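Here, each number is a calculation from the coordinates, and none is a lab measurement. If you're wondering where the values come from, they're calculated on a predicted model, not measured in any experiment. Here Cβ is always computed from backbone atoms with ideal geometry, including for glycine, and neighbour counts include all displayed protein chains.
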Amino acid sequence: MLQRHASYRWTTSQSGIPRRAETPIIYNPRMPKRAAKTGAFDATFSALRAVLAQHAHKLRVTVDEPGDYQLCSQTLKDRIGRPLFVAAVQTRKNYVSYHLMPLCAPEFLRKVSPALKRRMQGKSCFNFTDIDPELSAELDQLTKSGIEAFKKQLKTQGSRLKAEA
């Protein structure tokens, strides 16, 4: 059983002498954190990681830990010199998130089904507690087309940069 801890407020009387107030302030000790649903999320994470791992040979794996898998560009850097982030699967407290940055382009958003759009959080993130095979197949197709478009844009930028030099 949890015990309560009473702490009294201190006030000053009119004469300036500190004294204890009449009513105590009751503090509850910190409640234990709720355990995440790791059993259900492990299966979801491994299914989404498998979708993303099929495309890892085209990109660089920067993080591969339990509950976190991230892919970045092999050649492009962001503005402070880190590899450019492309996709990730991460386990959070209440869901597993699937990030795919090429989805920020409007032509890919038109390809997203209403069932998958319901799971969308922001422009390029999907949240799952469990995953259906249909959604997994659709995510695989979106990931494949998004990474191919990313690679195509990389090639056109590279050839443009060579022409400018």
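Structure notes:
- Note on ASN127 and CYS104: with the Förster distance fixed at 22 Å, the Cβ-Cβ geometry gives a FRET efficiency of about 0.85.
- Label-to-label distance, nm, for residues given as SER113 and ARG82 (7 Å Cα→Cβ offset): 3.3
- Dipole orientation for the stretch 55-153: of the candidates PRO133, TYR69, VAL112, VAL112 has the Cα lying most toward the positive pole (charges on Cβ; Lys, Arg +1; Asp, Glu -1).
- Over the stretch 38-164, Cα pairs under 8 Å with separation of 6+ residues give a relative contact order of 23 percent.
- Under 20 Å from the ASP68 label point (7 Å along Cα→beta-carbon), backbone N, the stretch 74-95: 74, 78-95
- Each distinct pair of alpha carbons in the stretch 88-133 adds a 1/r term; the inverse of their mean, the Kirkwood radius, is 11.0 Å.
- Cα-derived Rg over Rh, computed across the stretch 38-164 with Rh taken as Kirkwood radius: 0.99
- Computed extension gain for ALA56 through MET120, at 0.36 nm per residue and net of the alpha carbon distance, reaches 20.8 nm.
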